[in-house]
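Colleague: Here it is: the structure, laid out below.
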Amino acid sequence: MKLSIGIVGLPNVGKSTLFKLLTHNEVHIANYPFVTIDPNVGIVSVADPRLDAVVRVTKTPKKIPAVVEFYDIAGLVKNAHKGEGLGNQFLSHIRDVGVIVHVVRCFAKPDIIHIEQSVDPIRDIDTVNAELTFKDLETVKKAAGKLEEEARGSNKEKTKELELMRKLEAALDAQTPVYFFEKEISRAPTTAHLNLLTAKPTLYLLNGSEQDVGQKVKDKITSLQSRWIIADLDGAPDLTTLIASAYQLLDLISFFTFNENEARAWTIIQGTKTPQAAGVIHTDFETKFIRAEVIFWKDLADAGGWNEARQKGKTRTEGKEYVVQDGDVMLIRHGA
């Protein structure tokens, strides 16, 4: 399982700068809109001192961290859903990501052009969110139209799905994002199938200093039931919290494995049981799972090695009903 993050925002707010800082890839950054014509994609290793500790005590020669996929998506503008700017092609690129990082310009630099000719973070947040909402409304209306035909003839299942679409349509028409709904609606199979943009959790990256941001911007994001981080992308920002926040938004955790060749981090959803976690390593491991030998990473590090931990009674055997915990180190036993 791989975490994917889409970086969105208006033109010239710092999206490509953020992408470059995260991935150290050379991307084309210029002082005018629509410089990013196709989404830049970068793979970023997740720094994890727990994995470093596992490597150190197990003396494995190779470390394979978890990775995050970042998509740098071209600047959105008002009426992008109608094809303005570079239009719908970029909205469609966001569909495949798990988390949206919405970069908002808070800094004031006259030499850097703002597409609206002034810096207003709250206005800009509303502009981008409106475009995502309008695109979702278009998607939901199409789905509802199809379900109307399928619901004819007393198809109870399709009628129920149509009712859900009507609820979503009314909410989106009122500029209410899908993630405002209870999980029973926002994560229902019918909703999930549409891969709606406003159903995705959003983390706001406020580009500027604490003084640039102000309380009103924070209050705005709080009203959107979202989180923010403040980072001056022209400086030397600490972006480790960005990935950590994205993991939290999606209820993701990490567990670790090792052998004589490598130690590795794996990403799973919180609440995953051992067979399904083993299936992330290899699909056969889930169906042929027998048991797992488990230890918390800190206990392994303190013991000084796997054999030492086992001798001290720190490792334990878990079966198919064990729920994997963040930071577990596991040896998976499976059938041939």
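The values are calculated or read from the model by the stated rules, or taken from the named source; none is laboratory data. Since the structure is predicted, the reported quantities are computational estimates derived from the model, not experimental observations. Note: ideal-geometry Cβ built from the backbone for every residue, glycine included; neighbour counts use all protein chains shown.
Colleague: Pairs needed: first member in the range 121-139, among the acidic types (Asp, Glu); second member anywhere, in a helix (DSSP H, G or I) and at pLDDT 90 or above; C-beta distance under 7 Å; at least 6 residues apart or different chains.
Modeller: Asp136/Leu172; Asp136/Val178; Asp136/Leu197; Asp136/Thr198
Colleague: Quick one: count up the residues across the range 270-323 that are basic (Lys, Arg) and assigned to a strand (DSSP E or B).
Modeller: Residues flagged as basic (Lys, Arg) and assigned to a strand (DSSP E or B) within the range 270-323 amount to 3.
Colleague: When only residues in the range 171-187 that are at pLDDT 85 or above and under 19 Å from the mean Cα position of the chain (by Cα) count, which is surrounded by the fewest Cβ atoms within 10 Å (Cβ to Cβ)?
Modeller: Phe180
Colleague: Which of (1) within 17 Å of Leu51 (Cα to Cα); (2) assigned by TED's automatic domain parsing to the domain that holds Ala108; (3) more than 19 Å from the chain's Cα centre (by Cα) is the odd one out, the single condition Asp232 does not satisfy?
Modeller: (1)
Colleague: Give the residue, chosen from Lys216, Lys220, that is surrounded by fewer than 16 Cβ atoms within 10 Å (Cβ to Cβ), charged (D, E, K, R) and assigned to a helix (DSSP H, G or I).
Modeller: Lys216
Colleague: If you scan the range 28-72, which residues turn out to be surrounded by fewer than 17 Cβ atoms within 10 Å (Cβ to Cβ), modelled with pLDDT of 90 or more and charged (D, E, K, R)?
Modeller: Hits for the range 28-72 are Asp52, Arg56, Lys59, Lys62.
Colleague: Could you tell me whether any residue of the range 146-154 is surrounded by 20 or more Cβ atoms within 10 Å (Cβ to Cβ), in the same structural domain as Thr222 (by TED's automatic domain parsing) and touching a Ser or Thr at 6+ places or on another chain (Cβ under 9 Å)? Let's see the steps before the verdict.
Modeller: From the range 146-154, those surrounded by 20 or more Cβ atoms within 10 Å (Cβ to Cβ) are 147; that's our starting set.
Adding the requirement that they be in the same structural domain as Thr222 (by TED's automatic domain parsing) leaves 147.
Among the residues that remain, those that are also touching a Ser or Thr at 6+ places or on another chain (Cβ under 9 Å) are: 147.
Yes: the range 146-154 contains one or more residues that are surrounded by 20 or more Cβ atoms within 10 Å (Cβ to Cβ), in the same structural domain as Thr222 (by TED's automatic domain parsing) and touching a Ser or Thr at 6+ places or on another chain (Cβ under 9 Å).
Colleague: Could you tell me whether any residue of the range 300-319 is closer than 23 Å to Pro65 by Cβ, more than 23 Å from the chain's Cα centre (by Cα), surrounded by 14 or more Cβ atoms within 10 Å (Cβ to Cβ) and β-branched (Val, Ile, Thr)?
Modeller: Narrowing the range 300-319 to residues closer than 23 Å to Pro65 by Cβ: 300-306, 309.
Then drop every residue that is not more than 23 Å from the chain's Cα centre (by Cα), which leaves 300-306, 309.
Narrowing further to those that are surrounded by 14 or more Cβ atoms within 10 Å (Cβ to Cβ): 300-303, 305-306, 309.
Okay, now just the ones that are also β-branched (Val, Ile, Thr), so none.
No, that holds for no residue.
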